[in-house]
Structures are given as C-alpha cells and as structure tokens.
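The values are calculated or read from the model by the stated rules, or taken from the named source; none is laboratory data. Predicted model only: the values in this text are computed from it and were never measured. Glycine also receives a Cβ, built like all others from the backbone with ideal geometry; neighbour counts cover every protein chain displayed.
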Amino acid sequence: MKTIQAYRFALDLSPGQERDVLAHAGAARVAHNWALARVKAVMDQRAAERTYGLPDEMLTPTLSWTLPGLRKAWNVAKPDVAPWWRECSKEAFNTGLDALARALKNWADSRSGKRAGRPVGFPGFKSRRRTIASVRFTTGTIRIESDRKHVVLPRLGQLKLHESARKLARRLDNGTARIMSACVRRDGGRWHVAFCVEIERPERLPTRPGAVLGVDVGIRHLAVLSTGELIDNPRYLTAAHQRMRALGRALARKTGPDRRTGRRASKRWERAAARLGRAHARVANLRRDGLHKLTTRLTREYGTVVIEDLNVTGMLRNRKLARH
C-alpha cells in the first residue's frame, strides 16, 4: 500500500546558511507579491473598461491564474523585477507563485460555490516582517547524507540536522520510500525541514477490527471513551499561562513597531517577541504530541472510532471557554 507521509526534522543552521534560506524565502515573497499586483492590475483594468461599455473581446487580455501561466509571466518580467534572480534557486520563485495560484483558486471556488466551508477572501500581499519564512523544493538534488545527520538541498547545499534522520534514511536505503519535496520553514524561532515522502508499506489492521469506540471530547477531560476510560486534560496552555503573561508584559514595555508612523521595532522588542513566540511554539508542540499519541493508540486498537462533532467556532465566541 502506497501512502504519503511527512517527516519533519529540526535544523542547526550556521549564520551564513540562515541568510541563504532567508534570501530564498524573500525571493518567494517577491514573486508572490509581483504576480498578485499583476493580477489585481489586470482585474482593475478590465473592470474599468467594462464601465466604458466595451465588449468582452476588446478588453485587456486576462492573465492565467494557474501556476504555469504565472510562471510564464514571471520568467518574462524577472530580469527587470528581480535582476538578482540567478542568486536563488528557481524553486524559491516557484514557491511564491504556487502559493498565489492556490489562493486564487480557493477564492474563485469559494465565490462560485464549488468550495464548501467558510468564505475565502482574496489573497493579500506578504509582508517581510509578518510572513512566516518558508521555501519548498520539488526538483534538484534532495537527499539525506550517509551519516544521517545532514541533508542536501538545491543551492543551499549541505545543512546539519539537529536530530538523526535514520527512520527516513532506512526506508530510502530499502527502496520503500521516495522523497517528493522538501520544505524549509521557520517555526517558533527554529528552522525545520519537512520531507513529503511516498512510502510503500504493508496495510495495518487494528488489534480489534470489529470493535467500535465512541469518543466524547470535552474541556474538563480531554476525552471520555465509551469504555469508561477518562483521558485527563493536560492543560499545557494553563501550565504555561503565567510565564506567557510575564513575557507578554515584558514585550509591551518595549518599543514595538507602529504601522501608522512607520516606526520600526527595537532590537529588545524583537528579542522579547522571539521569547514569547518560543513559548507559544512549545505549547503547540506539546498539544500536537499529546493528540498524536492518543489518536495513534486508539486507531491501533479499534476498527471503528466515532468522535463527537463539536462546534469549535461557536465555542470560541464564549469568552469563558475560548482559551480552553
């Protein structure tokens, strides 16, 4: 059975490597913003021409919103828009264009009713300071070194891992896995690389294929199982709340950015914001780890799992329940 799985590893980048990764992430942002400005300009021009009573065949030609169409337009304009384009991998620009193509498709499908769920807004421009730095590689040299402590990515070269990649390396050596893409991303002040891998694995059966389990999700308890077992709520956010409040007050005392006056944040504010971001990232990682372990345990034992469908969006509107 073939399946798609992600392997995520922390990176230990040198200052020079971090600058190179940030340059690639910046290139993705430049391509995204240029293409979005081009799309908006064409849409506004066509809307203005319609007010003059021009027929559709005489309007300004449309710009394709697909990834190949955006890439073709970018390749024509990049010598003027980004004369430094040779310094970065083509995958960096492809990352920004692909993100815009997906966002435009989601917006169009949401307007036409093809996409279910909440309405999707029109994509906006990406900011250098507020956008999460990331770049995705789909072609070129993507491999794990024989020592299993380094990875090789196009134009970035050899990057050191903070942990061993032996689990993925074993599958690659056995021929049961194939790396499809690699994404370098900064989360909570730390850089990570995530591999999208196609894996060939035997189909697993739960220990009790015919057993049915009901799960009641709650706040006092993380989950109440139909077997009578109560899963305690670890309350990671509550445990870290006092420290996060102290970090938030320390951040408020620093000179932060002001978009109205154009004031830039001080270095102390940036360091305080990084400390608060790491605290939030730690809580998110603890939550993710706990849920992963619980769901894995249940799916390995029971053939059918029925879970309560909570209206989380509605519960967030309750100020007494939102944080929990």
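Tabulated values for the structure
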item	result
Odd one out for E163 among (1) under 13 Å from L11 (Cβ atoms); (2) acidic (D, E); (3) not in a loop (DSSP other than H, G, I, E, B)	(3)
The stretch 82-93, residues that are part of a helix (DSSP H, G or I) and touching a strand residue (DSSP E or B) at 6+ places or on another chain (Cβ under 8 Å)	E91, A92
The stretch 249-273 - residue that is surrounded by 13 or more Cβ atoms within 10 Å (Cβ to Cβ), in a helix (DSSP H, G or I) and hydrophobic (A, V, I, L, M, F, W, C) and, of those, farthest from the chain's Cα centre (by Cα)	A250
Single residue of the stretch 39-64 satisfying the filter (surrounded by 10 or more Cβ atoms within 10 Å (Cβ to Cβ) and in a loop (DSSP other than H, G, I, E, B)) that is farthest from the chain's Cα centre (by Cα)	L54
Among residues of the stretch 94-118, those that are exposed (fewer than 13 other Cβ atoms within 10 Å of the Cβ) and either in contact with a Gly (Cβ under 7 Å, 6 or more places away or on another chain) or part of a loop (DSSP other than H, G, I, E, B) (or both), counted	5
Hits in the stretch 188-225 (condition: of a type in the set (A, V, I, L, M) and either loosely packed, with under 15 Cβ neighbours inside 10 Å or outside any strand (DSSP E or B) (or both))	L205, A211, V212, V217, I219
Count - residues of the stretch 13-26 that are without any contact (Cβ under 8 Å) to a residue 40 or more places away in the chain and either buried (at least 22 other Cβ atoms within 10 Å of the Cβ) or under 30 Å from L70 (Cα atoms) (or both)	1
Meets criteria (closer than 29 Å to G96 by Cα and surrounded by 14 or more Cβ atoms within 10 Å (Cβ to Cβ)) for A240	no
Members of the stretch 127-183 that are within 14 Å of N94 (Cβ to Cβ), in contact with a Pro (Cβ under 8 Å, 6 or more places away or on another chain) and among the charged types (D, E, K, R)	none
Hey, R29 assigned to a helix (DSSP H, G or I), under 30 Å from H150 (Cα atoms), without any contact (Cβ under 8 Å) to a residue 24 or more places away in the chain and of a type outside the set (A, V, I, L, M, F, W, C) or not	no
Qualifying residue in the stretch 44-53 (condition: outside the structural domain of A169 (by TED's automatic domain parsing), hydrophobic (A, V, I, L, M, F, W, C) and farther than 24 Å from I142 by Cα)	yes
Failed criterion for W84 (all others in (1) of a type in the set (F, W, Y); (2) touching a helix residue (DSSP H, G or I) at 6+ places or on another chain (Cβ under 8 Å); (3) free of Cβ contacts under 8 Å to residues at least 12 places away in the same chain hold)	(2)
Check on A10, in contact (Cβ under 8 Å) with a residue 40 or more places away in the chain, surrounded by 19 or more Cβ atoms within 10 Å (Cβ to Cβ) and either touching an Asp or Glu at 6+ places or on another chain (Cβ under 7 Å) or not charged (D, E, K, R) (or both)	no
Residue check, V312 of a type in the set (A, V, I, L, M) and either under 28 Å from H192 (Cβ atoms) or in contact with a Cys (Cβ under 9 Å, 6 or more places away or on another chain) (or both)	yes
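Per-residue answers, yes or no, for (1) without any contact (Cβ under 8 Å) to a residue 12 or more places away in the chain; (2) closer than 17 Å to L222 by Cβ; (3) among the aromatic types (F, W, Y):
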site	(1), (2), (3)
G262	yes, no, no
V283	no, yes, no
R288	yes, yes, no
L294	no, yes, no
T299	no, yes, no
G303	no, no, no
